[in-house]
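Undergrad: Just passing along the structure, written as structure tokens.
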Amino acid sequence: MIIIGEKINSTLKAVRPAIEKYDAAAIQSLAKKQADAGAAFIDVNAGMFHGTEPERVAWLVETVQAVTDKPFSIDSPSAEAVAAALKVNRNGQPLINSITDEKARFDAILPLALEYKAKLIALCMDDTGMPETADGRFAIAERLIAKLTGAGVPLSDIYIDPLVRPVSTGPRYGVAAIETIRRVKTEYPDAHIACGLSNVSFGLPARKLVNQAFLVAAMAAGMDGAILDPLDTKLMSLIWAAEALLGIDEYCLEYLDKFREGLIEV
């Protein structure tokens, strides 16, 4: 599973003050903990700071790369903010989070991805909005893949986001996301998935339980990447167990290693 560590995000009440005060120690501690816990990418988001977002997201990149060499997921719909972060990145191939099939956003983000050879999270939405059904989402995924690969982005650098929406607001939203994942991975096995996991449980009690159940169902459908909290030991334990069950972890070697290290939570 490709883990995109979600903790350095200005929408989180516990993290926003650290970004606001330029508290490097707090941000670096979060980055190191996520890297040590298994994050493949460190997501950085300063979107709550309107007007100063480019400056702050660039500061986040510079601050984090002083303590880890994990690549970044640069999380912003703003081309200006994405560009500011890419300019100071030294941690290898970054991931831009995100592009859509909305014309203005696509046209603004694609040149940056090509210039910096970045991977891309591609959301299944266009100028008409977010489709309700798996059919609508998959149709957008197909268009995005065709346009991105046609422009020179390798298929393996594309991470489709199936748009996980709260099941509390629509009884079919969980099924729609899972079916979109299944169809994308069936038709485009070399593409990846980057699912915003915690969205599924918004508005519900015991959110972690819902997230965990969705994680396993989505992995069974082919999900190979997720934006999540790698410090959630129960969630990470379920990932290792599910990979063993799904034949991803051959002979359960990683699961056994994690168990011996005391990282499996039962």
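The values are calculated or read from the model by the stated rules, or taken from the named source; none is laboratory data. Predicted model, so just to flag it, every value in this text is computed and none were measured. When we count neighbours, we look across all protein chains shown, and the Cβ atoms used for this are built from the backbone with ideal geometry, even at glycine.
Undergrad: Please go through region 232-266 and pick out each residue that is exposed (fewer than 15 other Cβ atoms within 10 Å of the Cβ), out of contact with any helix residue (DSSP H, G or I) (no Cβ under 6 Å at 6 or more places or on another chain) and acidic (Asp, Glu).
TA: Answer for region 232-266, where residues must be exposed (fewer than 15 other Cβ atoms within 10 Å of the Cβ), out of contact with any helix residue (DSSP H, G or I) (no Cβ under 6 Å at 6 or more places or on another chain) and acidic (Asp, Glu): GLU250, ASP257, GLU261.
Undergrad: Do we find that LEU120 is assigned to a strand (DSSP E or B) and among the hydrophobic types (A, V, I, L, M, F, W, C) in this structure?
TA: Yes; evaluated as a whole, the condition is true for this residue.
Undergrad: Continuing with this model, one more query. If you check every pair at least six apart or on different chains, which have Cβ atoms under 8 Å apart with a residue in region 21-45 that is among the basic types (Lys, Arg) first and a residue that is assigned to a helix (DSSP H, G or I) and buried (at least 16 other Cβ atoms within 10 Å of the Cβ) second?
TA: none
Undergrad: Cβ-Cβ distance below 6 Å, separation of 6 or more or different chains: which pairs start in region 243-266 with a residue that is on the phi < 0 side of the Ramachandran plot and end on one that is surrounded by 12 or more Cβ atoms within 10 Å (Cβ to Cβ) and among the hydroxyl-bearing types (Ser, Thr, Tyr)?
TA: Here the result reads ALA244/TYR255; ASP249/TYR255; ILE264/SER237; GLU265/THR233; GLU265/SER237, each pair linking region 243-266 to a residue that is surrounded by 12 or more Cβ atoms within 10 Å (Cβ to Cβ) and among the hydroxyl-bearing types (Ser, Thr, Tyr).
Undergrad: Give region 35-83 a look and list any residue that's under 15 Å from ILE3 (Cα atoms) and either touching a Cys at 6+ places or on another chain (Cβ under 6 Å) or among the aliphatic types (A, V, I, L, M) (or both), or say none.
TA: Matches in region 35-83: ALA35, ALA37, ALA39, ALA40, ILE42, VAL44, ILE74.
Undergrad: What number of residues within region 53-67 satisfy the criterion of being crowded, with 19+ Cβ neighbours inside 10 Å and not in a helix (DSSP H, G or I)?
TA: 1
Undergrad: Let me ask another. Would you please list the contacts, defined by Cβ atoms under 7 Å and residues six or more apart or on different chains, that run from a residue in region 141-169 that is farther than 14 Å from VAL184 by Cβ and part of a loop (DSSP other than H, G, I, E, B) to a residue that is charged (D, E, K, R) and at pLDDT 95 or above?
TA: So the pair list comes out empty.
Undergrad: Mind checking whether some residue in region 126-140 is touching a helix residue (DSSP H, G or I) at 6+ places or on another chain (Cβ under 9 Å), among the aliphatic types (A, V, I, L, M) and farther than 21 Å from ASN45 by Cα?
TA: Yes, because at least one residue in region 126-140 is touching a helix residue (DSSP H, G or I) at 6+ places or on another chain (Cβ under 9 Å), among the aliphatic types (A, V, I, L, M) and farther than 21 Å from ASN45 by Cα.
Undergrad: Condition check: surrounded by 19 or more Cβ atoms within 10 Å (Cβ to Cβ) and part of a helix (DSSP H, G or I). Does ALA218 satisfy that?
TA: For ALA218, the condition - surrounded by 19 or more Cβ atoms within 10 Å (Cβ to Cβ) and part of a helix (DSSP H, G or I) - is met.
Undergrad: Taking region 74-109 only, how many residues are in a loop (DSSP other than H, G, I, E, B), of a type in the set (Gly, Ala, Ser) and surrounded by fewer than 17 Cβ atoms within 10 Å (Cβ to Cβ)?
TA: 1
Undergrad: Checking the structure you have, find out if any residue of region 224-231 is small (Gly, Ala, Ser), at pLDDT 95 or above, surrounded by fewer than 20 Cβ atoms within 10 Å (Cβ to Cβ) and closer than 23 Å to SER73 by Cβ.
TA: no
Undergrad: Quick check on this structure: which one of THR100, THR133 is closer than 23 Å to PRO77 by Cβ, free of Cβ contacts under 8 Å to residues at least 60 places away in the same chain and among the polar types (S, T, N, Q)?
TA: Checking each option against the conditions leaves just THR100.
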